[in-house]
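Structure record follows, encoded as structure tokens.
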Amino acid sequence: MKNPDSLPSERSRLLRAAADDELLAGERAALDAHLARRPDDRAVIEFERKLRDGLAHSFSGSQVPAALEQRIRALGAPPRHRLLRRIAWLAAAAALLVAAGITYHSATRADEIGFYGRATLVRFLATHPHDCPISIERTLAEFNVEAYDDALSSLGNLLGDAPALGDLTDAGFEFRGMGRCGIPGHELSIHIQLVGAAGSTFEGDKLSIYVQRDDGRLPITDGATYRLQPKTLRFADVGMYLWRREGFDYFVVSENPEAAIIALRRAGAPAELLML
Amino acid sequence: MDRTRFLELATAEVNAVYRFALRLTRDAHRAEDLVQDVYTQALRPERIAAFEPRGGGIRAWLLRVTYRSFLSMIERSRRDGAIFRELLDGDDAAPEAVSATLAADFDWESVDGRLKVAVAHLDAGSREVLLLWAVEHLQYHEIASVLDIPIGTVMSRLHRARSRVSKELLTDPGAIEDLGLRPAQSPLSGSREGKRSS
């Protein structure tokens, strides 16, 4: 049995349609006839309009943040302007590179990750290394792998091809294990976890590498490494980097910035660094 | 449609898209990501070229893209498991069920107290229809298009929502005064209607 409240009578349907300017063809005459019989119902129409105005006034307070509005407008800028702006940023970043004499330089990028992207991806990458139950025992049982080299070899079987990932164990990292996981938006990603070896400057710090087949959904291109910048302070100290090469996406995550940078170099990440 | 004109119309709707995204996601950062994703999709040349304001104007079209994007995110989150666990709150994540979580911790602080209470008491489906109608000024067929539900469902939900909100407000003389209403202006709340129907 239906709730009677959900079934408008002809009178209420007509009056509300009038208040909403939603009268169907021919209903104007019916409304006029009704109001001639029930002139008080004009006040009902007015009430309905005022109620709508009151709701609109009460619930329309949220304004889009100015920074977001600017990004939206930048998205709509003519492609040529966007290209010039990107070139300008790259030029500025290159100048910084020369001046500082450092390996990496940064630039800005007008692109964006899809919805489940930035906020979700940041949260995943920042928390997953701590939450996942990786251990040597589990890795051995599940993959018959107990060393980093074996893990690299097994990636070819798991992902259908062999990704290019450099050796990290001679840079002061110890293999902790590997596991299957799904980086948001992907069916299968492989997580390799390492930890800073005793005596290294990042002793005990976790380092996570994720590898997955690229499906083109990440707004990145080959030839650059991207730093994923958290918008929230909570994850501001976590180094999160990604790059794409020959059909694979690679992610490097560590709460120790130095460990992350060393891992990037050892893993073979492109030297050009862009912000995402 | 000409790109410049499309851009002008689309960016003019960014507040409506943001409000809707905020209600759906209940999180400012996610709402921002959703809005940016919507405009990234909307401003692709092929989308502009193929733009057809089916079921309403560009606002309805953008809100429909917003809702579809949100549902896609929910679908992905089912696979991803933990990422949006708090968003799903253990619910089944069907469109209405997702909106049902709004009542729990949506920020109502800026909303007039009496309307806030009245609207919060609505079921999720009716509330979303009511706000798209009242705040975003969508017509019935546009709401149907945005939420992908029959227009009859829109009308019955809207009727139910208005009746219940009116009924709650009418029990509060202060609300009647605040809204500039006179007691004689009886709304079409369910309980009174039967007695007055012609």
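The values are calculated or read from the model by the stated rules, or taken from the named source; none is laboratory data. Everything quoted here is computed from the prediction, not taken from an experiment. Backbone-built Cβ (ideal geometry, glycine too); neighbour counts: all protein chains shown.
Out of all the residues in segment A:182-198, which are more than 23 Å from A:D161 (Cα to Cα) and touching a residue at least 12 places away in the same chain (Cβ under 8 Å)?
Filtering segment A:182-198 for residues more than 23 Å from A:D161 (Cα to Cα) gives A:195-198.
Once the filter is applied, which keeps residues that are more than 23 Å from A:D161 (Cα to Cα) and touching a residue at least 12 places away in the same chain (Cβ under 8 Å), segment A:182-198 yields A:V195, A:G196, A:A197.
Conditions first: (1) within 27 Å of the chain's Cα centre (by Cα); (2) part of a loop (DSSP other than H, G, I, E, B). A:L194 passes all but one, so which condition is the exception?
Status for A:L194: all satisfied but (2).
Please find, within segment A:175-190, the residue that is farthest from A:L125 (Cα to Cα) out of those that are crowded, with 19+ Cβ neighbours inside 10 Å and more than 14 Å from every other protein chain (Cβ to nearest Cβ).
A:F175
Going by the conditions given, is B:R23 at the interface with another protein chain (Cβ under 10 Å from one of its Cβ atoms), touching a residue at least 24 places away in the same chain (Cβ under 8 Å) and touching a Ser or Thr at 6+ places or on another chain (Cβ under 6 Å)? Before the answer, list the steps.
Numbers: at the interface with another protein chain (Cβ under 10 Å from one of its Cβ atoms): yes; touching a residue at least 24 places away in the same chain (Cβ under 8 Å): yes; touching a Ser or Thr at 6+ places or on another chain (Cβ under 6 Å): no.
Answer is no for this residue.
From the set of residues in segment B:26-44 that are among the hydrophobic types (A, V, I, L, M, F, W, C) and within 7 Å of chain A (Cβ to nearest Cβ), which is surrounded by the fewest Cβ atoms within 10 Å (Cβ to Cβ)?
Narrowing segment B:26-44 to residues among the hydrophobic types (A, V, I, L, M, F, W, C): B:28, B:31, B:34-35, B:38, B:42-43.
Next, only the ones that are within 7 Å of chain A (Cβ to nearest Cβ) stay: B:34-35, B:43.
Numbers: B:L34: 28, B:V35: 29, B:L43: 18.
This residue is B:L43.
If I go through segment A:1-17 residue by residue, how many of them are more than 9 Å from chain B (Cβ to nearest Cβ) and at pLDDT below 85?
Selection size over segment A:1-17: 1.
Test A:L242 against the stated conditions and say whether it is assigned to a loop (DSSP other than H, G, I, E, B), under 21 Å from A:P163 (Cβ atoms) and within 14 Å of the chain's Cα centre (by Cα).
On the way: assigned to a loop (DSSP other than H, G, I, E, B): no; under 21 Å from A:P163 (Cβ atoms): yes; within 14 Å of the chain's Cα centre (by Cα): yes.
Taking the combined requirement at face value, the residue does not satisfy it.
Kindly indicate whether A:V211 is closer than 17 Å to A:H130 by Cβ, among the β-branched types (V, I, T) and more than 14 Å from chain B (Cβ to nearest Cβ).
Working: closer than 17 Å to A:H130 by Cβ: no; among the β-branched types (V, I, T): yes; more than 14 Å from chain B (Cβ to nearest Cβ): yes.
The answer is no for A:V211.
Filter segment A:18-47 down to the residues that are of a type in the set (D, E) and either more than 7 Å from every other protein chain (Cβ to nearest Cβ) or touching a Gly at 6+ places or on another chain (Cβ under 7 Å) (or both) and list them by number.
Kept after step one, since they are of a type in the set (D, E), are these residues of segment A:18-47: A:20-22, A:27, A:32, A:40-41, A:46.
Within segment A:18-47, A:D20, A:D21, A:E27, A:D32, A:D40, A:D41 qualify.
Could you check how many residues of segment B:130-175 are outside any helix (DSSP H, G or I) and either among the hydrophobic types (A, V, I, L, M, F, W, C) or within 14 Å of the chain's Cα centre (by Cα) (or both)?
Pass one, segment B:130-175, residues outside any helix (DSSP H, G or I): B:135-139, B:148-150, B:171-172.
Checking the rest, the ones that are also either among the hydrophobic types (A, V, I, L, M, F, W, C) or within 14 Å of the chain's Cα centre (by Cα) (or both) come to B:135-139, B:148-149.
The number of residues fulfilling the criteria is 7.
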